[in-house]
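Right, one structure below, let's go through it.
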Amino acid sequence: MSAYLKQNWHHLFGALLLHVLFAGIFGLTMVKFASDAPPPSLAIQGVLIDSSQVPDLPRTPKPAPAKPEVKPEPEPAPEVKPEPQVDVEAQAAEERKKEEEAKRQKEQQEEQERQVQLKREEEQKQIQEREEAERKRVADAQAQAEREKEEAKAKAEAAAKAKAENERKRVAEIEKKQKAEADRREAQSRAAREEELRRQLAEEEGRTNAVNSGLLNQYVAMIEQRVVRNWNRPASARPGLECEVRVAQTPSGTVLSAQVTQCNGDAAVKQSIEAAVLRSSPLPPPPDPSLFERNLVFIFKPAD
């Protein structure tokens, strides 16, 4: 309601001024009508007598004491003017004039009220038109907002779809590259395995040839002789000693560990053999590189 008053205050103020103006005009008309009305007639009418028209009465002289009393003559009655005759036609004409004036004022008042009513209806119509225009504007704004919202939603969905498609393509490209890289690595690994297999076959063939040629036995005998030379024979060692020894070495012959597994000697004998292997480091290299073994097994059998 306050928003409506703020928006249409000039129309309401104009209507209020117009009502005040019409009320003032009506009041002035009624005052004029009251002043033009004839004064009320009285039932008793008085007669105004001009003293100049009345003759002077004789004054009675003071009686002399000696003369007899003389009675004054009676005072004559004042002259009474006849009442004026009333003009009936003029009075009727005056009445008709008053009636016509009252009728004219009534018609003028009705016309003024009609104009006020028309003005009020026009203002009401304008208010309704403005309200209808405002409702239409609000509805159009809401419709526009809905359209913009739908367009924004469609754009967002299109952007999300495009982003998802680009992401799918990117992932597919990455997977393709990864597959290609995996295939390449697999091919390299296969080639390396094949090369290693060929190398192993070649080494195995060379080892077989070396073994067949007696070089392996020669290599083991060289290691055994080195250990026997570095062995300190304990007192508990008996003739016919024979022990299996496992040695872990590097390609340069450095002994990493030595362990006696099967042996017909006691613990002191085993410990002396393991110490002899460690003192023999580095072990002699094989006559053929294909005969090298990181984990070497030989039989320790010293001469009696």
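The values are calculated or read from the model by the stated rules, or taken from the named source; none is laboratory data. It should be emphasised that the depicted structure is a prediction, and the values quoted were computed from it without experimental measurement. As a convention, Cβ positions derive from the backbone with ideal geometry for all residues, glycine included, and neighbour counts pool all protein chains shown.
Before moving on, here are some points about what is shown:
- Restricting attention to the range 237-294, the residues that are of a type in the set (A, V, I, L, M, F, W, C), farther than 26 Å from G214 by Cβ and not in a loop (DSSP other than H, G, I, E, B) total 8.
- Considering residues of the range 258-284 that are among the polar types (S, T, N, Q) and over 13 Å from V297 (Cβ atoms) only, the residue surrounded by the most Cβ atoms within 10 Å (Cβ to Cβ): S280
- Among (1) out of contact with any helix residue (DSSP H, G or I) (no Cβ under 6 Å at 6 or more places or on another chain); (2) closer than 30 Å to L278 by Cβ; (3) at pLDDT 90 or above; (4) aliphatic (A, V, I, L, M), the one test that V260 misses: (1)
- Close pairs (8 angstrom Cβ cut-off, 6 or more residues apart or separate chains): free of Cβ contacts under 8 Å to residues at least 24 places away in the same chain in the range 275-304, part of a strand (DSSP E or B) anywhere: L278/V255; L278/A258
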